[in-house]
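Peer 1: Below are the structure tokens for one structure; questions will follow.
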Amino acid sequence: MAAFPFKIDATDGRARTGILATPRGDIRTPAFMPVGTVGTVKAMTVDQVKSTSADIILGNTYHLMLRPTAERVARLGGLHKFMRWDKPILTDSGGFQVMSLSKICKVKEEAVTFQSHLDGSRHVLSPERSMEIQADLLGSDIVMQLDELVSLPTTEDKAADAMRRSARWAQRCKDAFGTRDAQALFGIQQGGTFASLRQESADRLREIGFDGYAIGGLAVGEGHEGMVEVLDYAPEMLPAERPRYLMGVGKPIDIVEAVARGVDMFDCVLPTRSGRHGQAWTWDGPINLKNARFAEDENPLDSNSSVSPSCDYSKAYLHHLVRADEILGQVLLSWHNIAFFQDLMSQLRAAIAEGRLEAFRRTFADRQRRM
Ligand SMILES: CC#C[C@H]1NC(N)=Nc2cc3[nH]c(NC)nc3cc21
């Protein structure tokens, strides 16, 4: 019996909307997970994150194992208690971050060894250690397998080798994770932009059996068209009855196109990172509050929103905060952007439930281009 029942309430073309039920709360899909890398959704309190109606957030094994260490988080009661977030948490396994962040890393069949980007200290991350950190020490609700990242551009042979190692690590993760009914384990499909490798990866993951299936290897610089090309076939290679999670994605238009191709879960640093740099996402595309045209604009970012940073504050005030490099500017724009992404997911769920996703997609794309 797979952990976490996934009930699909409606479909529209390849898109699905439903509920992934977890012991810490239901996750409405399609879902966007705010990124809380080191135990904080940057510049936001957990109450502000909750006010956006986010059902689940993401944490990172790589960052938390380096600081404050997974053992310390465990001694302090686990990640939920530590950061005061009592809803679901998905943790990434560390593979992607080790290979994209750490100074030196060596990948062997047994494990990845690397030096911390913080102080150069040496660390080892094996499939078994990643499971121990995520499931036992951090106590996350959804655990990601450890996978191997290949940097783009890559050859088919290199992508095949990495995909097959990730599949062997997937089995080791499943064995180490064991059978738990209060936590779930997701596998990660690899294979770059090679359909035959993606199919082989999906087949191997299905044989092993996971509670959900992620699409890895995208949002790594392939661009919107490159991503959509893979999304035209990759999601449907994965079991239809379990959640499909596209890692690291993405811009609002990427999310809409991926939902239309059968993806259920997303995470991306874009709303919080761009908010810290003065950017606000709106239904008419992104704007940057640094721009002089907002200096005396008394309108809020979104008067239809019920979330404070979107409906209570004037663009003029936000412009002032950003120009003055005030911390509150980073807080309010991060908060607004997360609220906007959650509003987008809510509108996508409604559009699928009412069978009008195609119309929503067209209108959304036209309006986003207006900027
Ligand atoms: C190859 C591969 C792969 C995936 N593997 C794991 N464990 N995490 C990821 C995180 C990502 N973030 C982004 N873009 C921001 N693409 C990602 C891809 C992965």
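Peer 1: Residues of region 312-347 being hydrophobic (A, V, I, L, M, F, W, C) and within 14 Å of residue 283 (Cα to Cα), which ones? Outline the logic, then answer.
Peer 2: Keep residues of region 312-347 that are hydrophobic (A, V, I, L, M, F, W, C), which gives 316, 318, 321-322, 324, 327-328, 331-333, 335, 338-341, 344-345.
Hits for region 312-347 are 338, 339, 340, 341, 344, 345.
Peer 1: If residue 182 satisfies all but one of (1) assigned to a loop (DSSP other than H, G, I, E, B); (2) under 18 Å from residue 110 (Cα atoms), what's the number of the condition it fails?
Peer 2: Condition (2) is where residue 182 drops out.
Peer 1: In addition: Please work out which residue is nearest to residue 157 (Cα to Cα), limiting yourself to region 236-254 and to residues that are more than 15 Å from the ligand (Cβ to nearest atom) and not in a helix (DSSP H, G or I).
Peer 2: Ranking the qualifying residues of region 236-254, first place goes to 239.
Peer 1: What number of residues within region 99-126 satisfy the criterion of being modelled with pLDDT of 95 or more and within 12 Å of the ligand (Cβ to nearest atom)?
Peer 2: Total meeting the criteria: 2.
Peer 1: If you don't mind, another one. Specify the residue that is nearest to the ligand (Cβ to nearest atom); the eligible residues are those in region 185-228 that are assigned to a helix (DSSP H, G or I) and of a type in the set (S, T, N, Q).
Peer 2: Restricting attention to region 185-228, the residues satisfying the condition of being assigned to a helix (DSSP H, G or I) are 195-208, 223-228.
Checking the rest, the ones that are also of a type in the set (S, T, N, Q) come to 196, 199, 201.
On the way: 196: 17, 199: 16, 201: 11 Å.
The residue in question is 201.
Results for (1) touching a residue at least 12 places away in the same chain (Cβ under 8 Å); (2) farther than 19 Å from residue 46 by Cβ; (3) open to solvent by less than 50 Å² (accessible area, probe 1.4 Å), shown as yes or no for each residue.
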| site | (1), (2), (3) |
| --- | --- |
| 318 | yes, yes, yes |
| 322 | yes, yes, yes |
| 325 | no, yes, no |
| 331 | yes, no, yes |
| 336 | yes, no, yes |
| 342 | yes, no, yes |
| 349 | yes, yes, yes |
| 356 | yes, yes, no |
| 365 | yes, yes, yes |
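Peer 1: For region 280-297, enumerate the residues that are farther than 19 Å from residue 367 by Cβ, in contact with a helix residue (DSSP H, G or I) (Cβ under 7 Å, 6 or more places away or on another chain) and among the small types (Gly, Ala, Ser).
Peer 2: Once the filter is applied, which keeps residues that are farther than 19 Å from residue 367 by Cβ, in contact with a helix residue (DSSP H, G or I) (Cβ under 7 Å, 6 or more places away or on another chain) and among the small types (Gly, Ala, Ser), region 280-297 yields only 295.
Peer 1: So which residues in region 289-301 are free of Cβ contacts under 8 Å to residues at least 40 places away in the same chain and either farther than 24 Å from residue 54 by Cα or in contact with a Phe, Trp or Tyr (Cβ under 7 Å, 6 or more places away or on another chain) (or both), if there are any at all? Show your work before the answer.
Peer 2: Our first condition is that a residue be free of Cβ contacts under 8 Å to residues at least 40 places away in the same chain; within region 289-301, this holds for 290-301.
Within region 289-301, 290, 291, 292, 293, 294, 295, 296, 297, 298, 299, 300 qualify.
Peer 1: Filter region 255-273 for residues that are more than 13 Å from the ligand (Cβ to nearest atom) and of a type in the set (Gly, Ala, Ser); which is farthest from residue 211 (Cα to Cα)?
Peer 2: Residue satisfying both the conditions and the ranking: 260.
Peer 1: Here is a follow-up. Would you point out the residue of region 298-313, among those that are open to solvent by 30 Å² or more (accessible area, probe 1.4 Å) and touching a strand residue (DSSP E or B) at 6+ places or on another chain (Cβ under 9 Å), that is farthest from residue 347 (Cα to Cα)?
Peer 2: Filtering first and then ranking leaves 298.
Peer 1: Could I ask something else about it? Determine, yes or no, whether residue 233 is open to solvent by 30 Å² or more (accessible area, probe 1.4 Å), more than 9 Å from the ligand (Cβ to nearest atom) and of a type in the set (Ser, Thr, Tyr).
Peer 2: Details: open to solvent by 30 Å² or more (accessible area, probe 1.4 Å): yes; more than 9 Å from the ligand (Cβ to nearest atom): yes; of a type in the set (Ser, Thr, Tyr): yes.
In short, yes.
Peer 1: If you don't mind, there's one more thing I want to ask. Quick one: in region 136-162, which of the residues that are over 28 Å from residue 6 (Cα atoms) and assigned to a loop (DSSP other than H, G, I, E, B) is nearest to the ligand (Cβ to nearest atom)?
Peer 2: Across region 136-162, the extreme among qualifying residues is 149.
Peer 1: Can you find a residue that is more than 10 Å from the ligand (Cβ to nearest atom), open to solvent by 50 Å² or more (accessible area, probe 1.4 Å) and aromatic (Phe, Trp, Tyr) anywhere in region 168-179?
Peer 2: Within region 168-179, none of the residues are more than 10 Å from the ligand (Cβ to nearest atom), open to solvent by 50 Å² or more (accessible area, probe 1.4 Å) and aromatic (Phe, Trp, Tyr).
Peer 1: Of (1) away from the ligand (no atom under 14 Å from the Cβ); (2) not in a loop (DSSP other than H, G, I, E, B), residue 96 satisfies all except one. Which?
Peer 2: Status for residue 96: all satisfied but (1).
Peer 1: Residue under question is residue 165, and the condition is that it be more than 17 Å from residue 73 (Cβ to Cβ), open to solvent by 10 Å² or more (accessible area, probe 1.4 Å) and either within 13 Å of the ligand (Cβ to nearest atom) or not in a helix (DSSP H, G or I) (or both); does it hold?
Peer 2: Values: more than 17 Å from residue 73 (Cβ to Cβ): yes; open to solvent by 10 Å² or more (accessible area, probe 1.4 Å): yes; either within 13 Å of the ligand (Cβ to nearest atom) or not in a helix (DSSP H, G or I) (or both): yes.
Judged against the criteria, residue 165 is a match.
The values are calculated or read from the model by the stated rules, or taken from the named source; none is laboratory data. Remember, it's a predicted structure, so these values are computed and weren't measured experimentally. Every residue, glycine as well, gets a Cβ built from its backbone with ideal geometry; the counts of neighbours run over all protein chains shown. Just the protein is used for accessible areas: all its heavy atoms, side chains included, with ligands, DNA and RNA removed. Shrake-Rupley method; radii C 1.70, N 1.55, O 1.52, S 1.80 Å.
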